[in-house]
Structures are given as structure tokens and as C-alpha cells.
Amino acid sequence: MIPAAGLGTRFLPATKELPKELLPVLDRPVIQWAVEEAVASGADEIVLVLAEGKEALAAHLRPDPALEHLLEERGKTAELEAVRHAGNLSRVTVARQAAPRGLGDAVLCAANAVGDRTFLCMLADDLSLAEPPVLRQLWNAHEELGTSILALMRVPKEQISRYGCAEIAETRGKLHRVSGLVEKPPAAEAKSEFAVMGRYVLTPAIFAALRETQPGALGEIQLTDGIGRMLETEEVWGVEFDGELLDVGTPSGWLATNMRLAREHPEFQSAVAAIDGTGGA
């Protein structure tokens, strides 16, 4: 499940009409990077949670026979392969979020599409730079423990107020049993240095928990609050994952990620080297 119903306000005016998940990172859009990670982690179906006007996300992930035929006629083999790859990554189902009522509400909107299944959930705002992918590391932990699994990252205490924070009751190497969650706590009140990142394995119990979760001050239902309620009935663990999650959800993070990946990409590294060599002139 990929919740992608947000307004993309951080990227305005670029995202006035264009969903932020279609902004490119090198040669493909953010949403494709996310789906490729999910498929590499074992997902066999993608559930997109979309708001009205974001249908282009699903269209990008579906076959486009007319475009494919045109590229084939013109002998554009590389472009044809790229388009076919994007349109055949996975089966795509769309769920709708009628109003921006928070991440927890977005997850709940996908309940009928997911059904009574444990599922991977990811935010496309971060790109996985890890082997195996971060989602796969979470699924491996789920197969070992049988519980919901959260992606955890240690952050400096002064930065914890930017994230959901996990309270830890037990540790087994890089596995940590979660006993509580607080969304963006003040640094002085944080129970740990573990931030909850945008990757999850969730059991179907999350849907009942979210239905019982009250909206916060902004009228939004927080996923962290729903997971906290789920802790009343079952264990939740976290994985301190290997590798990195690169920010593509803010303009500065998106730009830095493009530059970093371009330096390592054979097609783009010479262009970046030319910029670096002239001091950005």
C-alpha cells in the first residue's frame, strides 16, 4: 500500500497540477522508485491511495499500448523497454481518500482493497538506498516474529521532534519491541532516539485500531496513534534497518538525492562533474 493522496504543498507551485510523486528522480518518477522497491521486497499487488485529480499516478504504472506502438514504429527500443517496464511492474488497485484527513485515514481507506491480509506500507517521500531494500528487511523481520514491523532509525535527540518516536521495551540486536509511540514529541519528552520512518509491515488489526482512533487537533487521524492503539492487543516490533532512506519529499531533499544519485549514474555523472568542476556556475 502506498498512500499518495497528499497535496504536495511543499513543492508548490510545481505541484499545482502535477502530483509530487511524478517528479523525476534521474530517469523515472518518485512513484516508480517506490513501486520498484515494493516489488523487489515481494509485493505482488500495489494499492495506491489517491485523492481526486491524481489518477496520473495509476496511469504511469499501467500499460500504454498507443505509446508503446508509436515507440516501436519509430524504432526507439530503449524508450519502449522503459515504458513497458514502468507499465508492467505490478497489478495496481486504486483506493480513494475523499479528503486530506491524515495518514491513518489514508491507510484506512485501503481496508477493502487489502482485506484480511498482512501488508507492506510505504511512503514515497523517501527512496531506499539499501540491499536488500528497507521494505524487504522489514518483511524478513515479520517472517521471524509474526508481528507488525516498523522501520526505525536513530536520530539525534534534538531532531526527534520531526518524527514519530518509538518507546522501546526490549532489544534483540537490531530488533526492538515497541511499547509506545508519540508523534513529533518535544526533544525533552522523547522516550528514545528511535524515529519511525515511512516503511511498515502491518497486520490487518491496524484497520480496527484506526476505526477506533480519534482525529487530532487538525482533524487528522495519525497512523502512529492507530499503531499505538494496536499495541493494546498485539506486539509491534521495529527494525533498525541497514542502508539509507533518501529524502525526496522536500525540495532540498529531492534536489540533493538527484545530485547524489547522478554522481553514481553512468549517464548523468559527467553532467554533474561539469557542474562540480565549475563551482555550480
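Quick note: the coordinates plus some simple rules give every number you see, no bench work behind them. This structure is a prediction, so every number in the text was calculated from the model and none was measured. Here Cβ is always computed from backbone atoms with ideal geometry, including for glycine, and neighbour counts include all displayed protein chains.
For the residue pairs Lys16/Lys76; Lys20/Lys174; Lys16/Lys184; Lys20/Lys184; Lys16/Lys174, the alpha carbons lie more than 30 Å apart in Lys16/Lys76; Lys20/Lys174; Lys16/Lys174. In a simple Cβ point-charge model (Lys, Arg +1; Asp, Glu -1; nothing else charged), the stretch 2-249 has a dipole of about 380 debye relative to its Cα centre. Close amide H contacts of Val92 (hydrogens built in the peptide plane, cut-off under 5 Å, sequence separation of 5 or more or a different chain): Ile46.
Here's how it looks for Gly42: its modeled amide H is under 5 Å from none belonging to a residue 5 or more places away or on a different chain.
Between Pro133, Pro251, Pro13, the residue with the greatest mean-square fluctuation in the GNM of the chain (Cα pairs under 10 Å linked by springs) is Pro13. Which loop-located trypsin sites (Lys or Arg not before Pro) does the stretch 106-185 contain, where loop means any DSSP state but H, G, I, E or B and the Cβ has at most 16 other Cβ atoms within 10 Å? Here the trypsin sites (Lys or Arg not before Pro) that fit, given the DSSP loop and packing criteria, are Arg117, Lys174. Relative contact order of the chain, taken over Cα pairs closer than 8 Å and 6 or more residues apart, is 21 percent.
Calculate the length of the line joining the C-alpha centroid of the stretch 139-166 to that of the stretch 188-219, in whole Å. For the stretch 139-166 versus the stretch 188-219, the Cα centre distance is 11 Å. Take the Cα of Arg260, step 7 Å toward its Cβ, do the same at Glu17, and the gap between the two points is 3.3 nm.
When the stretch 8-94 is described by a simple charge dipole with +1 on each Lys and Arg Cβ and -1 on each Asp and Glu Cβ, the residue from Pro24, Leu57, Pro13 located farthest towards its positive end is Pro13. Between Ala188 and Glu143, the simple spin-label model (points 7 angstrom out along Cα→Cβ) gives 4.7 nm.
Database remark: amide H of Leu127 closer than 5 angstrom to the amide H of Leu246, Asp247, Val248 (H placed geometrically; neighbours at sequence offset of 5 or more, or on other chains; Pro and chain starts carry no H). Put a plus charge on the Cβ of each Lys and Arg, a minus charge on the Cβ of each Asp and Glu, and nothing anywhere else: the dipole of the stretch 59-110 about its Cα centre is then about 280 debye.
Put a dot 7 Å past the Cα of Arg162, heading toward its Cβ, do the same for Glu81, and the two dots end up 3.8 nm apart. Against the set [x] 0.96; [y] 1.03; [z] 0.98, the structure's computed Rg/Rh (Cα atoms, Kirkwood Rh) falls on [z].
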